[in-house]
Amino acid sequence: MSGLRPILNRFASRPIAVRLAVSSVFWSFAILLIAGLILQALYRDNTERAFDQRLLVYANTLASNLVAPGDPDRDLGPIGDPRFELPLSGWYWQVARPNAKPGEIRSSKSLFGGQIPSLTISPDDRFGQIRRGYGKAPDERNLRIVERDIDLGEDGRYIIRVAGPADEIDIGVRDFLFALTVTFALLGLALGFSTLLQIRFGLRPLSNLRSALGTIRRGEAERIAGEYPRDIAPLASELNLLLDTNREILERARTQVGNLAHALKTPLSIIMNEAENAPDEVAARVREQAALMRDQVNYYLDRARAAALAGTLGTLTEVEPVMASLARTFAKIYRDKDLAFELAIPPDLRFRGEKQDLEEMAGNLIDNAAKWASRKVEISIEIIREDDDRPRFRLLIDDDGPGLPEAARAEVLKRGRRLDETKPGSGLGLSIVSDLAALYRGSLKLDAAPLGGLRCVLELPGDRG
């Protein structure tokens, strides 16, 4: 049993169709094999019985000739089958007293001076009981032997042996086994084909359910549609209820985030307006801290909104139009640097998430690259295939600026961390990108760019149209 456990564990993660097919093939093969062995044994037994009956007819004929009036040691003559007259034909008979000498044994001409081997007599055998078994002929062929005793009273006891070639039994069994194998092979193929049809037909509702979930994930539907069998219909209903509940929770989260944004931004705006009218040092400190609070509030509100939207099923965003729009926008913003923005984006790629979040992440990275670039910013995408065949993609943003030492790259991703205070910004851009990517089960990494500057590697879930 312990040897089967690794095999069972290996099949535990296989598809249901594969597990059913393998199980069906295994048990069908086992059942057909056992049935074949049983039928072969029964056929051999019946063949031996039929062969023994033929030999017993000859033995009874010899017994009749032996008990007929006259000298029991006389010539018993032919018994009606010419094969007993042909030397070493495989068909033999022999009549002799117990412990008779070779010269006292009467036999068929086919024995050609040889003898039929005697069968082992069990202590439980009764006198006159017919014994059956196998032995070797004078020419070393296998023989099927029937042996019986005859008591002639005052004339003594005799042992009659009749033998025939065992090859006839073996050939009959082999022919039957060949026919049985061909029949069972065709039956196995028919059973396997019918099993595959049953599996395909039986698992079709699950395949339809999976397809329905795929349409929801791709944003082509909001609910699972269609009719399902009784045992799967409750699952489809529960999934629809889960989708509705998830949609309601996300809607409430959006509303609460919006309410919180209005509740916090208004007091901060009043504080900053009031501080504008007071020119002293305290007012400047208030304006500085209020601006920092506003940035922090915007950061956490955006993160809360993204956390709510990241779990939304069926939200897809075309990537190529977003990247093209951002490149045009930043080309205008940094027109004084005369930067060249080069794009290599697959036209059928879609981001599994909100358009606003993709714009937020890509926009921060392109803005950062444009700040430090000298003449060029390259934007490209690599497609990644996962084990579940759901693609992900890497957004690569390279610049030809001064780059960033490897030791400083991890520091830049920390919230609010800036390595150069001469550049504008709050220092939250890259940390926002990292947090948003994590909400979508993605990641942000910094590396050296082939252009000589910094490479931003943003990995996100995607889909091909």
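What the table shows:
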{"item": "Karplus-derived HN-Hα couplings along segment 226-242 (A = 6.51, B = -1.76, C = 1.60, θ = phi - 60°), whole Hz, x at Gly and Pro", "result": "x, 9, 10, x, 4, 7, 10, 4, x, 5, 4, 5, 5, 5, 5, 5, 5"}
{"item": "Sites matching trypsin sites (Lys or Arg not before Pro) across segment 87-189 that sit in DSSP coil, with at most 10 neighbouring C-beta atoms within 10 Å", "result": "126"}
{"item": "5 angstrom amide H check on residue 401, placed H, neighbours 5+ away", "result": "374, 453, 454"}
{"item": "Accessible area of segment 149-204 belonging to carbon and sulfur atoms, whole % at 1.4 Å probe", "result": "66"}
{"item": "Cβ-Cβ FRET estimate between residue 157 and residue 25, R0 fixed at 51 Å, reported to 0.05", "result": "0.25"}
{"item": "Distance (nanometres) between label positions extended 7 Å along Cα→Cβ at residue 329 and residue 99", "result": "12.0"}
{"item": "Within segment 315-413, GluC sites (Glu not before Pro) in DSSP loop having at most 12 other beta-carbon neighbours inside 10 Å", "result": "386"}
{"item": "Accessible area in the full protein assembly, largest first, 1.4 Å probe, for 171, 224", "result": "171, 224"}
{"item": "DSSP-assigned coil residues among chymotrypsin sites (Phe, Trp or Tyr not before Pro) in segment 319-357, each with at most 11 further Cβ atoms within 10 Å", "result": "none"}
{"item": "Sequence of 440, 228, 43 from largest to smallest accessible area, 1.4 Å probe", "result": "43, 228, 440"}
{"item": "In sequence order, calculated HN-Hα J values of segment 95-105 (Karplus, 6.51, -1.76, 1.60; Hz; x Gly/Pro)", "result": "10, 7, 6, x, 6, 6, 7, x, x, 9, 8"}
{"item": "Under Karplus coefficients 6.51, -1.76 and 1.60, residue-wise ³J(HN,Hα) of segment 175-186 in Hz, glycine/proline x", "result": "4, 5, 5, 5, 4, 5, 5, 4, 4, 5, 5, 5"}
{"item": "Accessible surface of residue 52 - all protein chains present, 1.4 Å probe, nearest 10 Å²", "result": "10"}
{"item": "Where segment 121-229 is the region considered: accessible area per residue in Å², 1.4 Å probe", "result": "62"}
{"item": "5 angstrom amide H check on residue 133, placed H, neighbours 5+ away", "result": "145"}
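The values are calculated or read from the model by the stated rules, or taken from the named source; none is laboratory data. Worth saying up front: this structure is predicted, and the values here are computed from it rather than measured. Here Cβ is always computed from backbone atoms with ideal geometry, including for glycine, and neighbour counts include all displayed protein chains. Protein only, heavy atoms only, side chains kept; ligands, DNA and RNA dropped before computing areas. Shrake-Rupley method; radii C 1.70, N 1.55, O 1.52, S 1.80 Å.
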